Amino acid sequence: MTVYVESNFVLEQSLQQEQCDSAVAGALGERRATELALSGRIFPAGGARECGLVHHVVEPAGLMERAREIAGAIAESSPTAIRAGLAFVRDARGKTWEEAGNLARRMRNEVFRSADFQEGIRAFQEKRPPRWSGGQDSAGIAAARGLRKGD
């Protein structure tokens, strides 16, 4: 499925059909994705944002600036927390709410035990930017996911 939006932003899904269908259904829900697939409706960029298909709508001239802002915000975050968040998103796919909740609790507890988490608390209390360790806690995150180090 390809979704095009008018002015300000153009979104083209260049994934294979089944990947795109899955991605759009995941973002919008099965019913809305089915409606778009059947109708081929074109809608404005604001509509894509309102329904959750895109998070940001910017003018073409501001695209790189906004991308750098988002990347900068992520780069300031704890590598351990980023790694755990990405692992959760990947590992929670296809799980029940209960299974995903259990996974989230295990991973959160490992992040809470990490050096990065402790550094974040100290930095906040001392009113200074954190100095992340670089995510030396990956074995704990892997264990929380049910993996062994190196899997």
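Divide, for the range 39-81, the radius of gyration over alpha carbons by 2.2 N^0.38 Å, where N is the residue count. List each step's numbers first, then the result.
Working: Rg = 14.1 Å, N = 43, 2.2 N^0.38 = 9.2 Å.
Dividing the Cα Rg of the range 39-81 by 2.2 N^0.38 Å gives 1.53.
Can you grab the distance from the C-alpha centre of the range 40-63 to the C-alpha centre of the range 101-123, Å, no decimals?
The range 40-63 and the range 101-123 have Cα centres separated by 34 Å.
Can you compute the modelled spin-label distance between Ala73 and Trp97, with each label point 7 Å from Cα toward Cβ, in nm?
Placing both labels 7 Å beyond Cα along the Cβ direction yields 2.8 nm.
Need one number: convex hull volume per residue for the range 59-102, Cα atoms only, in Å³. Please list the in-between numbers first.
Details: hull volume 4.4 nm³, N = 44.
So the per-residue hull volume is 99 Å³.
Could you line up Arg90, Arg83 from fewest to most neighbouring Cβ atoms inside 10 Å? List each step's numbers first, then the result.
Numbers: Arg90 9, Arg83 19.
The most exposed by this proxy come first: Arg90, Arg83.
Which of Phe43, Phe124 has the fewest other C-beta atoms within 10 Å, and how do the rest follow up to the most? Could you put the intermediate results ahead of the total?
Working: Phe43 15, Phe124 10.
Starting with the residue having the fewest Cβ neighbours, the order is Phe124, Phe43.
How would Asp116, Asp91 line up from fewest to most surrounding beta-carbon atoms within 10 angstrom?
By the 10 Å Cβ count, ascending: Asp91, Asp116.
Kirkwood hydrodynamic radius, the range 32-137, all distinct C-alpha pairs: what's the number in Å? Please list the in-between numbers first.
Numbers: mean 1/r = 0.0586 Å⁻¹.
Computed over Cα pairs of the range 32-137, the Kirkwood hydrodynamic radius comes out at 17.1 Å.
Values quoted throughout were computed directly from the atomic coordinates according to the rules given, and no laboratory measurement underlies them. Worth saying up front: this structure is predicted, and the values here are computed from it rather than measured. A quick note on method: Cβ atoms are made from the backbone with ideal geometry, for glycine too, and the neighbour counts reach across all protein chains shown.
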